[in-house]
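Working notes, structure below.
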Amino acid sequence: DEQVRRQKEAFVRGLSGGTAAELLLLALCVPASLWLRCAIGSCVDRRQRSAAVKEQAPLPLGSFLLDLLIVAVPCVLSFTVLADSLSTLLAANVGLAAALVLRLLSSYADTTTLRKWRAPVAVGGERPRYLSVYRGCVLLTTCIGILAVDFRSFPRRFAKTEAFGVSLMDMGVGSFVVTNALLGSQRQPPSSAAARVPYVEHLVKSVRGICPLLLLGIARVAAVKGVNYQEHASEYGVHWNFFFSLAAVALATSVCKPANDAPLLFGGLLLLVHEFLLTLLGVGEWALQESPDGNRRGESLLEQNREGIVSIPGYWALHLLSTALARFLRIGRWSQHSRAKWRGIEQSAFVTGVGGSLVAVCLWVAWILMASGLRIVPMQTSRRLCNTAYVVLVLAFNMTVLSPIALLHAFSWASPAALEDSGCFSMLYALHYNALASFLTANLVTGAVNLLTDTLAASSELSVLILISYAAIFTAPYYYLLKFNCRLKCW
């Protein structure tokens, strides 16, 4: 009813976030779960091989249940009842994974056998598996977060900040922008024949590709207004939403092709101009001046959606800088020489893992210099404005997530083929394979839960049970679609 809707709206307003240290722990929790999942999967796969059990169905159901138990459930717990014990949860995952790995490696007396077992198959030009797993992690955590935030067991410091601050939920849209940029880096380089497509043809194809995002954005506005669903107007604006932001970034990237040839230069200049407009010309103050309930907005579309529109240059700069990082880390790129030396895909994962770790450290230091008590470059972090501090924080957060996943694949004690055959990370591959459809399903299930139940009245135990069931519901259909190599795409 109307009273419950207003309570839910008030529940997510006026928040200031938490600490960067807690955000760092959250960024490491999911990769730690993946290391544990891989260790368990390797042990199971070895037992099957030693027993000569080689006839197994692709993507067995047990692997999906293991993913749900070892990856999704700890994610739910870290967002709710174990939010105050993140370091303990992280240490437990790392400790169990290390113990299993040591036991697994110690069982091999013949190192030649181990080396043969680790040798991966030729991968050719396909996308590195660690990128697929990384994208699946971003989707899983974001989808769990959009429902978890409506429960009281979800700490308010994790919810989106009102104007300035650091929080887990603030990383959502920024992480999607980074993920899209990293995946886009897998396309052919500008010097290839594919890059010499006529500009008009390229633009038409790009506009056709963003039409689903525009339609989803319009559909979300109509659905929210139609069912009187709770809104947080200062999140993006009265009509603006997540889908419009992604569509705007994609359109800007397609229209300005020269920016893709020098993403570091264009991204850095764009971020400087954006920060200049926000601070020295007062655009940031204008975008944040109205009250949190949004009742004092003007009548024009620009006034009503100022946050979403003002943040577009920042998100575009984030996309360009992510593309530059992908090229710097050579994500998914390797040569014939390095393949002979590093066994193909492992070189790409190694460079991404080690290089990404160093980049993450530099980015965290840069953010501290900008936003912490050192005050060398005083600057507050704002998701609503997508300012420089927010862009640096999002990049640091995502590099912190991506690097351990890449290292997992680079130094895996099981071959990539073995992990894939045993169905390891099948839930994450499934989310990646049908990314837009799975995210839309999660949004629909989230809306249904909020309309049918009073999430604010749910106990901590009940909220955890609902969130685990929700994770199973929105991932299971796409696991079966992946099993039959089926992708939901009509454009």
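The values are calculated or read from the model by the stated rules, or taken from the named source; none is laboratory data. Keep in mind the model is a prediction, meaning the values are calculated, not measured. Note: accessible area is taken over every heavy atom of the protein model, side chains too, but ligands, DNA and RNA are not part of it. Shrake-Rupley method; radii C 1.70, N 1.55, O 1.52, S 1.80 Å.
Couple of notes before you dig in:
- For Val166, the residues 5 or more places off, or on other chains, whose built amide H falls under 5 Å of its own are Gly18.
- 17 Å tail of the calculated P(r), segment 205-258, as % of Cα pairs: 41
- Gyration tensor (Cα) of segment 423-491, equivalent ellipsoid semi-axes in angstrom: 26, 14, 7
- Along segment 305-317 the Karplus relation, 6.51 cos²θ - 1.76 cosθ + 1.60 evaluated at θ = phi - 60°, assigns HN-Hα couplings of 10, 4, 4, x, 6, 5, 7, 4, x, x, 5, 5, 4 Hz to successive residues, with x for each Gly and Pro.
- For segment 261-267, putting each phi into the Karplus relation 6.51 cos²θ - 1.76 cosθ + 1.60 with θ = phi - 60° gives couplings of 7, 9, x, 5, 5, 5, x Hz, in residue order, rounded to whole numbers and with x for Gly and Pro.
- A 1.4 Å probe, protein heavy atoms only, puts the accessible area of Met379 near 30 Å².
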